[in-house]
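J.: Quick one: this structure, given as structure tokens, is what I'll be asking you about.
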Amino acid sequence: HAARRRYRYLLRASPAPADSFWDAYAWRCASAPLDVGAMCAAAEALRGDVRLGAFVKRERHRHLRAGAGEAPEVPAYETHVSDVCVYAAESLPGVVVVELEASRFFYSTVRLLVWELARVGRGQSSAADFAALVAAGAAGRAEGTSA
């Protein structure tokens with residue numbers, strides 16, 4: 001059982017056409033440059049002890065059932081994020097790197113976190129909106145997830 005896990009996502013923000021090499025390794029998420037500064041500011045909301053319930057696909061946990069008269073057990077989705085960084089890859093034009101290290105992640109958590117950070121980078125959401133999602137914990141729900 002690992003004490004912590006680290007994930008690295010590559011986001012390709014380029015008007016260039018699809019590329020068979022890059023499409024295998026990087027998510028082509030925008031046709032214009034991403035606002036890396038805004039993404040960094042948003043990502044800071046993840047540092048420390050957080051509840052990532054807003055970034056978990058709920059259907060993954062439908063197997064949790066309660067007995068007669070009991071409330072269903074709902075995971076708290078708590079984790080400790082020890083490192084988060086967003087930066088433009090100097091040697092790879094148009095590529096933004098998102099790295100996260102935490103005590104644990106949940107099914108599709110990193111993918112949904114990166115999705116929301118990319119929305120901030122595209123100007124579709126703000127750092128404050130992202131922080132509100134993080135603060136919402138288990139009560140929130142990121143766009144693209146289902147109950």
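None of the figures in this text is laboratory data; all of them are computed from the coordinates on show. Here the structure is a predicted model, which means the values were calculated and not measured. Note that we place each Cβ from the backbone using ideal geometry, even for glycine, and neighbour counts take in every protein chain shown.
J.: Output wanted: per-residue J couplings in Hz (rounded whole) for the range 124-133, from phi through Karplus 6.51 cos²θ - 1.76 cosθ + 1.60, θ = phi - 60°, x for Gly and Pro.
T.: Karplus values, whole Hz, x for Gly and Pro: 7, 8, 10, 4, 5, 4, 5, 4, 5, 5.
J.: Testing the spin-label approximation: label points 7 Å from Cα along Cα→Cβ at residue 82 and residue 8. State their distance in nm.
T.: The two pseudo-label positions are separated by 1.7 nm.
J.: Also, quick follow-up: What list of ³J(HN,Hα) couplings, whole Hz, do you get for the range 100-114 from phi and the Karplus terms 6.51, -1.76, 1.60, once you set θ to phi - 60° and write x for glycine and proline?
T.: My calculation for the range 100-114 gives 9, 10, 8, 5, 6, 10, 10, 3, 6, 4, 5, 4, 6, 4, 5 Hz in order.
J.: Additional query: Could you order the peptides 35-44, 83-92, 114-123 from most to least packed, using the average number of other C-beta atoms within 10 Å per residue?
T.: Numbers: 35-44: 19.1, 83-92: 13.7, 114-123: 21.5.
With the highest mean Cβ count within 10 Å placed first, the list reads 114-123, 35-44, 83-92.
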